[in-house]
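Below: the structure, in structure tokens.
The values are calculated or read from the model by the stated rules, or taken from the named source; none is laboratory data. These figures come from a predicted structure and were not determined experimentally. Heads up, the Cβs are rebuilt from the backbone with ideal geometry, glycines too, and the neighbour counts pull from every protein chain shown. In case anyone asks, the SASA skips ligands and DNA or RNA and just uses the protein heavy atoms, side chains included. Shrake-Rupley method; radii C 1.70, N 1.55, O 1.52, S 1.80 Å.
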Amino acid sequence: MEGVIPSPNIWSSPDVYELENTGVDRSGVLDAALREVADWTGRDVLDVGCGAGFHLPRLAATARSVVGVEPHPPLVERARARVAGLRTATGGPVRVVAAGAAATGLPDTSVDVVQARWAYFFGPGCEPGLAELARVVRPGGTACVVDVDATRSTFGGSFRRTWPDYDPDAVDRFWRRQGWTTDRLSVDWSWPTREQFEAVLRIELSPEAADRVLAEDPERTGCDYGVVLRWRRY
Ligand SMILES: C[S@@+](CC[C@H](N)C(=O)[O-])C[C@H]1O[C@@H](n2cnc3c(N)ncnc32)[C@H](O)[C@@H]1O
């Protein structure tokens, strides 16, 4: 499929990525910020790059309808299995479409709220997906993109060590030029055991960067994590 961005973390280690999702934002800071920017209660929701569909049931709990879009076939299968038989709060559909962000196959102006968490919308290069959002989001609707804030936090610094060519200022400039707003949040990023924390670190960071986080504090089972929440209205 055209425009698919390899995601080694979830593609190679879907079970560890599932574990990772359970330890992100335990105190609900990101969830509250997303709701404040674009509450999805009673709305038609699109989750772009939904992966194994971790967030679909939570969205369905209050939405009118939910569609997850995901290009990687094994993850489409996992996501479909997760939502099999599930309906939204209002009895609406919850479904998963095998597609990429640039060509979702959804009808024009059919969505109120879009969420893309750590998926596809990483900066320059995602213009085809932005054009697709402009097509599928209703006037008055909102799109939200969640990604790592590589300018700060223990995880952000480790991300920069893993991807030294990543330029967070250039990425911020890109989103500003596209007319998006960026909010900076700090979320919990922790697991019950050291083994789980290490497993998650090792699918996200280079061996050197992961070793460094672990060595900084031999007791820690998580670390501070800066997030960018980018959004725009249509
Ligand atoms: C790091 S995972 C995040 C998954 C999910 N959003 C979550 O939070 O659990 C990134 C996802 O984006 C998907 N992806 C890659 N290229 C894509 C594209 N062009 N359009 C939509 N999703 C894409 C990957 O297959 C992967 O499932």
Please give the net charge around ARG80, taking every other residue with its beta carbon less than 12 angstrom from that of ARG80, where Lys and Arg add +1 and Asp and Glu add -1.
+1
Pick out, in residue order, every one of the trypsin sites (Lys or Arg not before Pro) in the stretch 3-49 that is DSSP loop and has at most 16 other C-beta atoms within 10 Å; say none if there are none.
ARG26
What percentage of the solvent-accessible surface of the stretch 8-233, computed with a 1.4 Å probe over protein heavy atoms, is contributed by carbon and sulfur atoms?
52
Roughly speaking, what % of Cα-Cα pairs in the stretch 77-129 are separated by over 15 Å, rounded to a whole number?
62
Summarise the long-distance tail of P(r) for the chain by giving the % of C-alpha pairs beyond 31 Å.
18
Is any residue of the stretch 55-94 close enough, with backbone N under 20 Å, to a label point placed 7 angstrom from the Cα of ALA103 along the Cα-Cβ axis, and if so, which?
68-77
If I model a spin label as a point 7 Å beyond the Cα along the Cα-Cβ vector, how far apart are those points for ASP183 and LEU19 in nm?
3.1
Considering only the other residues whose Cβ falls under 13 Å of the Cβ of GLU70, what net charge follows from Lys and Arg at +1 and Asp and Glu at -1?
+3
For the residue pair ALA32 and ARG58, what label-to-label distance in nm results when each label sits 7 Å from Cα along the Cα-to-beta-carbon direction?
1.4
10 Å Cβ shell holding at most 15 others, DSSP loop, GluC sites (Glu not before Pro): longest site-free stretch of the chain:
3-218
Over the Cα atoms of the stretch 19-84, what radius of gyration and what Dmax do you get, in Å?
12.2, 33
Computed FRET efficiency, Cβ-Cβ of SER12 and ALA215, R0 22 Å: what is it to the nearest 0.05?
0.35
Contour excess over end-to-end distance, with Cα ends at ARG161 and VAL4 and 0.36 nm allotted per residue
54.1 nm
Length-normalised contact order for the stretch 8-233 - Cα pairs under 8 Å, 6+ apart - percent
22
Can you divide the C-alpha Rg of the stretch 78-169 by 2.2 N^0.38 Å and report the result to two decimal places?
1.33
